[in-house]
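Trainee: The following block contains the structure, expressed as structure tokens.
The values are calculated or read from the model by the stated rules, or taken from the named source; none is laboratory data. These figures come from a predicted structure and were not determined experimentally. All Cβ positions, even for glycine, are placed from backbone atoms using ideal geometry, and neighbour counts span all protein chains on display.
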Amino acid sequence: MKSTTESLSPTRVKLTIEVPFEEFKPSLDEAYKTIGSQIQVPGFRKGKVPAVIVDQRIGRAAVLDEAINKALPDWYRQAVEETKIQPLSQPEIDLTKFDDGEDIEVTAELDVRPELTLPDLSTISVSVPDAEVTDADVDEQIEALRERFATTTDVERAAADGDALTINLVAKDKDGEAIEGAEADGMPYTVGSGVLLEGLDEAVTGLSAGEEVTFSTELVGGELKGTPVDVTVQVVDVKERSLPDVDEEFVQTASEFDTVDEFKDDVRERLVRGKRMEQANEARDLVLDEVIGKVEAPLPDSLVDEELNGRREQIAQQLAQAGLTMENYLEDEGQTAEEFEAELERRTRDSIVAQFVLDQIVQDDELGIEDAELSQHIIQRAQQSGQDPNAYVQHIMEHNHVPEMVSEVLRGKALASLVEGVTVTDESGNDLRLAELRGDGSYAEESDEDEDGESEDS
């Protein structure tokens, strides 16, 4: 078998496959066996019908069709491997020469990943914020932990800022009709948190258990977001919240440390590691943006359209699950439909180009993957999705997601190579090593799901 390619455009090729008829004969013999096992001829056992009888009963043309249909997929896969093209679409296959006893010719037109010329990484530099942790940052973390260990005590007084209440709520429209889904009984609420309705904190402040008040506001979620309503809130009980002192007793209860100083040092160290992780992630994004901006990468329209449609569907599903319409979303984002579409297409194209760049590096650097690396990545993905690792493995095996996992690991290695090849500094001018930024000596690709919420389909 011989395979050749002809470039039709930077992203589309014509693949020509030539097969001597002699190489086709095993497929033809297999077709005779298959068809012979499906017919019954007096005097012959099933599956032992001679070829000449099959020709008489079924016809040679039917056998040739059976053989060529079975052989074509293997020929195509072999030709793709031989020519080293990277398919991006299903092939449009044409049997251009197929005469009994003559050499066979097949052509296939398909979209392929373009060859890219990557920029000189030594000319690229990016800057990220300093990994600065202040005493105020440490105090904020400790304060949040104190909040988790707060205790409450029933009090017989009016509600004040910081108190923990139990409240009943009901919202009515301007005609006095209760709004379905806009009511709640026995809801816990902390005065001053400002997390429910505008005006609620002011309304409950000064109320004692058993008292109620009605105030005007607007709904903040769902399809009725922004609707003017009158809300009646009743205070069921009032509890005073007490936060523990930051002493050795608190530290020993809330952590594995014995002293306050040890505890604060650990909080600071954790915050520094988090800042370094932020530096690494920001450097990754900045470097990839810089490279994308310097690469000429023609994209097949069919690939862009397919990806855009998939992202639109996913966004629509997420909005529906949140009880929002596209109109609500655009209003929240301050975007017009045209601006949303333009931004979505830009992000989609950049995402595709980023994959092309990383795949190019995988190819150029001949990057490989070990079984242990793949297993570790799958376990990490299972943990990120909150699933049992064994169930997650079974899912990806059943739905053939293993190649996607392999690609993610390889692209992660390519991204590490890419980022570590440029100059990264912080705002103070210090040169940074990416492996040190991550704090564990490694640098792998973060999931790209944060932009569009993408995940594996079933």
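Trainee: For residue 335, work out the one condition from (1) outside any helix (DSSP H, G or I); (2) under 30 Å from residue 406 (Cα atoms); (3) not small (Gly, Ala, Ser) it doesn't fulfil.
Mentor: Every listed condition holds for residue 335 apart from (2).
Trainee: A further question follows. Scanning for something under 26 Å from the mean Cα position of the chain (by Cα), farther than 30 Å from residue 326 by Cα and part of a helix (DSSP H, G or I), does the stretch 293-310 turn up at least one residue? Outline the logic, then answer.
Mentor: Let us first name the residues in the stretch 293-310 that are under 26 Å from the mean Cα position of the chain (by Cα), namely 293-310.
Next cut, farther than 30 Å from residue 326 by Cα only: 293-298.
Checking the rest, the ones that are also part of a helix (DSSP H, G or I) come to 293-294.
So far as the stretch 293-310 goes, yes, one or more of its residues are under 26 Å from the mean Cα position of the chain (by Cα), farther than 30 Å from residue 326 by Cα and part of a helix (DSSP H, G or I).
Trainee: Quick one: would you say residue 243 is in contact (Cβ under 8 Å) with a residue 12 or more places away in the chain and touching a strand residue (DSSP E or B) at 6+ places or on another chain (Cβ under 8 Å)? Steps first, please.
Mentor: On the way: in contact (Cβ under 8 Å) with a residue 12 or more places away in the chain: yes; touching a strand residue (DSSP E or B) at 6+ places or on another chain (Cβ under 8 Å): no.
Judged against the criteria, residue 243 is not a match.
Trainee: Checking residue 235 against (1) outside the structural domain of residue 189 (by TED's automatic domain parsing); (2) at pLDDT 95 or above; (3) aliphatic (A, V, I, L, M): exactly one of these is not met. Which one?
Mentor: So the condition that residue 235 fails would be (1).
Trainee: Among the strands (runs of 3 or more DSSP E) contained in the stretch 101-156, which hold 2 or more residues that are at pLDDT below 95? If you could, list the steps in order and put the result at the bottom.
Mentor: Details: elements: 104-111, 125-128, 151-154.
Output list reads 125-128, 151-154.
Trainee: In addition: If we keep just the residues of the stretch 408-451 that are of a type in the set (Val, Ile, Thr) and within 24 Å of the chain's Cα centre (by Cα), which is modelled with the lowest pLDDT? Break it down stepwise before answering.
Mentor: Residues of the stretch 408-451 that are of a type in the set (Val, Ile, Thr), as a first pass: 409, 419, 422-425.
Remaining after also requiring within 24 Å of the chain's Cα centre (by Cα): 409, 419.
Values: 409: 94, 419: 88.
Result: 419.
Trainee: If a residue counts only when it is in contact with an Asp or Glu (Cβ under 6 Å, 6 or more places away or on another chain), which helices (runs of 4 or more DSSP H) contained entirely in the stretch 1-97 have at least 1 such residues? Can you show your working first?
Mentor: Numbers: elements: 21-36, 51-57, 60-83.
Where helices (runs of 4 or more DSSP H) fall fully within the stretch 1-97 and carry at least 1 residues being in contact with an Asp or Glu (Cβ under 6 Å, 6 or more places away or on another chain), they are 21-36.
Trainee: Then there is this: Which condition does residue 377 not pass, out of (1) closer than 30 Å to residue 433 by Cα; (2) without any contact (Cβ under 8 Å) to a residue 12 or more places away in the chain; (3) under 18 Å from the mean Cα position of the chain (by Cα), if it passes all the others?
Mentor: (2)
Trainee: Right, another one. Here is a check on your reading of the model: is residue 191 in the same structural domain as residue 209 (by TED's automatic domain parsing), touching a Ser or Thr at 6+ places or on another chain (Cβ under 9 Å) and among the β-branched types (Val, Ile, Thr)? First the steps, then the outcome.
Mentor: On the way: in the same structural domain as residue 209 (by TED's automatic domain parsing): yes; touching a Ser or Thr at 6+ places or on another chain (Cβ under 9 Å): yes; among the β-branched types (Val, Ile, Thr): yes.
Criteria met by residue 191.
Trainee: May I pose another question? Under 8 Å by Cβ, and 6 or more places apart or on different chains, what pairs join a residue from the stretch 387-407 that is closer than 16 Å to residue 372 by Cα with one that is modelled with pLDDT of 90 or more and not in a helix (DSSP H, G or I)?
Mentor: These pairs meet every condition: 406/369.
Trainee: Next up: For residues in the stretch 309-365 being hydroxyl-bearing (Ser, Thr, Tyr) and in contact with a helix residue (DSSP H, G or I) (Cβ under 6 Å, 6 or more places away or on another chain), which is modelled with the lowest pLDDT? Outline the logic, then answer.
Mentor: From the stretch 309-365, those hydroxyl-bearing (Ser, Thr, Tyr) are 325, 329, 336, 348, 351; that's our starting set.
Pick out the ones that are also in contact with a helix residue (DSSP H, G or I) (Cβ under 6 Å, 6 or more places away or on another chain) and you get 329, 348.
Working: 329: 88, 348: 96.
Among them, the one singled out is 329.
Trainee: Touching a residue at least 60 places away in the same chain (Cβ under 8 Å), surrounded by 14 or more Cβ atoms within 10 Å (Cβ to Cβ), among the β-branched types (Val, Ile, Thr) and more than 22 Å from residue 150 (Cβ to Cβ): which single residue out of 227, 232, 217 fits that description? Talk me through it step by step, then tell me what you get.
Mentor: Values: 227 fails: touching a residue at least 60 places away in the same chain (Cβ under 8 Å); 217 fails: touching a residue at least 60 places away in the same chain (Cβ under 8 Å).
Matching residue, one of 227, 232, 217: 232.
Trainee: May I ask you to say which residue of 256, 269 is of a type in the set (Asp, Glu), in a helix (DSSP H, G or I) and over 24 Å from residue 188 (Cβ atoms)? Step through it out loud before you land on a result.
Mentor: Working: 256 fails: in a helix (DSSP H, G or I).
Residue meeting the stated conditions: 269.
Trainee: Sticking with this structure for a sec: Tell me, yes or no, whether the stretch 382-394 has at least one residue that is small (Gly, Ala, Ser) and within 16 Å of residue 281 (Cα to Cα). Working first, answer last.
Mentor: The initial filter retains those residues of the stretch 382-394 that are small (Gly, Ala, Ser), namely 382, 385-386, 391.
Then keep just the ones that are within 16 Å of residue 281 (Cα to Cα); that gives none.
No, the stretch 382-394 contains no residue that is small (Gly, Ala, Ser) and within 16 Å of residue 281 (Cα to Cα).
Trainee: Can you pull out the residues in the stretch 162-205 that are assigned to a loop (DSSP other than H, G, I, E, B) and in contact with a strand residue (DSSP E or B) (Cβ under 9 Å, 6 or more places away or on another chain)? Please lay out each step first, then the result.
Mentor: Within the stretch 162-205, the subset assigned to a loop (DSSP other than H, G, I, E, B) is 162-163, 173-177, 191-199, 205.
Selection gives 162, 163, 173, 174, 176, 191, 195, 196, 197, 198, 199.
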